[in-house]
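Down below is the structure, laid out as structure tokens.
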Amino acid sequence: QVQLVESGGGLVQAGESLTLSCAASGSIISIDVMGWYRQAPGKQRELVARITSGGSPNYADAVKGRFTISRDNAKSTVYLQMNSLKPEDTAAYYCNAYVLGRVPVNWREYWGQGTQVTVSS
């Protein structure tokens, strides 16, 4: 069994910063791509950023230049540094990872439970 546990959400004012963390745990052999998605009320879930196991990032246009994704492979953890936050960044943020598990041995996609980010104007 594999779990993704997020932390770091909260309420901030526009222009401020937050850092989200997501730690993977359980019966893990390897982790490929890790990423962050978000879903605002009444909207579809959308990609925010993702990063390969080798450290290559990819960002949604809406967050380029403001958000930075990184990962610590030794800790099976992915981070999202969010700067210059805007009210339109308000959403539930979900961690995502493609994991090679031990029992059974196969690749599966996992999601965290979500953490709320609220940006006031």
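Read the figures in this text as sums done on the coordinates, not as results from a lab. Note that the coordinates shown come from a computational prediction; the quantities given were computed from them, not determined experimentally. In this analysis, Cβ positions are derived from the backbone assuming ideal geometry, glycine residues included, and neighbour counts consider all displayed protein chains.
Points to keep in mind about this one:
- Highest mean packing first, where packing is the average number of other Cβ atoms within 10 Å per residue, the peptides 12-23, 30-41 line up as 30-41, 12-23.
- Here's the picture: charge each Lys and Arg Cβ at +1 and each Asp and Glu Cβ at -1 in the chain, and of Thr19, Gly101, Ala74 the one pushed furthest to the positive end of that dipole is Gly101.
- Extension gain, Lys75 back to Lys43 (0.36 nm per residue minus Cα-Cα distance, nm): 8.3 nm
- Taking every alpha-carbon pair in the chain and binning the separations at 5 Å intervals from zero gives 2, 12, 23, 24, 18, 11, 6, 3, 1, 0 percent.
- Legend: P(r) of the range 70-109 from all alpha carbon pair distances, 5 Å bins from 0, whole percents, reading 6, 15, 19, 21, 16, 11, 7, 4, 2.
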